[in-house]
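The values are calculated or read from the model by the stated rules, or taken from the named source; none is laboratory data. Source: prediction; values computed, not measured. Counting neighbours? That spans all protein chains shown, and the Cβs are built from the backbone with ideal geometry, glycine included. Ligands, DNA and RNA are excluded from the accessible area calculation, which covers all protein heavy atoms including side chains. Shrake-Rupley method; radii C 1.70, N 1.55, O 1.52, S 1.80 Å.
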Amino acid sequence: DDLRALGDPFEVTRQIVGAVCGPRASSTLEDAEERYVAAAVADYVLTQGVNGSPPDLDDVARYAIAAIMTEVLSSELGAALNERPDQVVAVAESELREAAKALASQATLTATGPTENELGAAIESGIETLRVIYGGSK
């Protein structure tokens, strides 16, 4: 209710990212990636809600799983992708996002709400699958 009362989607996103990631005096690349994923998930929750209600918890969890997998693999593949023309990079990133969404949709999650272990297992399994497909490294 407090977030809805803000009335500004950017401020809501900032508040959510701050709550999820905490204050960062000196950020690392990992911190930036974490904040990016948190912001992407917050944006999804804000924009995909229907009639003022947020999306289903299952949908949010699957979106978060896909966002994390995409961010990890994008970072791993970044150097290789940067050597390609922009059009190739855009296609590769789009395909990676779609592959991550497909894997996230197949994750086994508890109907009453995913557990931390389920989320972790889905993310790890998905990342390993995407590494095999795209050739990323640990």
Accessible area in square angstrom per residue, region 49-138, 1.4 angstrom probe:
61 Å²
Fraction of accessible area attributable to carbon and sulfur, region 32-138 (%, probe 1.4 Å)
52 percent
Please report, for the Cα atoms of region 40-106, the Rg to one decimal and the Dmax as a whole number; what are they, in angstrom?
13.9, 44
Cβ neighbours within 10 Å, averaged per peptide: list 46-53, 126-133 in order, most packed at the top.
126-133, 46-53
Peptides ranked, highest mean first, by Cβ atoms within 10 Å: ranges 113-125, 59-71
59-71, 113-125
